[in-house]
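The values are calculated or read from the model by the stated rules, or taken from the named source; none is laboratory data. Computed from a prediction, not measured in an experiment: that's the story for all the values here. Positions of Cβ are generated from backbone atoms using ideal geometry, with glycine treated the same way; all protein chains shown enter the neighbour counts.
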Amino acid sequence: MLAASGRPGANMELEPAIPHEREVFEASLLAAVSSWRLKLLPGQIDLLYRHYQAVTDTNRVMNLTRVTDPHEAAVKHFADSLSVLAWASAAGRTITNVLDVGTGAGFPAVPLAVMCPQWQVTAIDSTGKKAGFVAATGAALRLPNLAARHARAEEWTPGQGFSLVTARAVAKAAECVSKVGQHVAPGGALVLFASAPPSGEERVRVERSVRRCGLRFLGPFDYDLVVHGPTLRRVLLTWERPAAGVTDKASAKGK
């Protein structure tokens, strides 16, 4: 179990897998991503399950999530995180480095680092213990391509841009774009997880924030998640920063 301090490098000892729980997690995850044609190798599934274990174990001493049931976690956290891979494949995106803002328990940072070892994934969170948890998890899972930092997106200066910036379950869309848009590299993309596209005044605020950040709207990526019957409608809101030398005459809309 992760030390209560959540410090990076803290020793993490996971409890042995519960057979039924492990089976439920794997079956739920594979079913949830089946329509995306993602190939999950046995070793990758094992690492994702160990991340789930780390989250539920540490949740006893640190508030990381309300979703701890293996079926719900596999769908609502892990499959939801992997929707980025389905979008990237469909959009033909080339990704080398990722910034996950407001990572919390490591979603989508840890699943992306597991599935794409060629990507350099950096996770930041304004809560030090959560950033520490992700750092300790990355060390326990032996993910050299995952780094975690205690930082606020609007104040952090990493010295580089990122080909993909993600934000899940943080702030409203307009506020989020304003805080994280600066970290998108030329030719890179910003992906926000949402239950529905912004509308009304929020849509207007998003469009204003997008223009200020020099981004352009790529479009929504809609998908469904099925949890014990009810279907959850989800959407990735995506923008890009035009590559250097490219003039974008299109309206930067965030509908």
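So the values come out like this:
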| quantity | calculated |
| --- | --- |
| Scan of the stretch 214-229 for residues that are farther than 19 Å from residue 169 by Cβ and not small (Gly, Ala, Ser), ordered by number | 215, 216, 217, 218, 226, 228 |
| Breaking point among (1) surrounded by fewer than 15 Cβ atoms within 10 Å (Cβ to Cβ); (2) within 20 Å of residue 83 (Cα to Cα); (3) modelled with pLDDT under 95, for residue 176 | (1) |
| Residue list for the stretch 150-168, filter: surrounded by fewer than 15 Cβ atoms within 10 Å (Cβ to Cβ) and either of a type outside the set (Lys, Arg) or farther than 26 Å from residue 136 by Cβ (or both) | 154, 155, 157, 158, 159, 160 |
| Unique residue being touching a residue at least 40 places away in the same chain (Cβ under 8 Å), in a helix (DSSP H, G or I), aliphatic (A, V, I, L, M) and in contact with a strand residue (DSSP E or B) (Cβ under 9 Å, 6 or more places away or on another chain) when the list is 191, 177, 170, 165 | 177 |
| Residue count for the stretch 34-82, restricted to those that are of a type in the set (S, T, N, Q) and within 20 Å of residue 117 (Cβ to Cβ) | 2 |
| Residue ID - modelled with the lowest pLDDT, chosen from residues in the stretch 192-206 that are of a type in the set (A, V, I, L, M) and either farther than 14 Å from residue 102 by Cβ or touching a Phe, Trp or Tyr at 6+ places or on another chain (Cβ under 7 Å) (or both) | 196 |
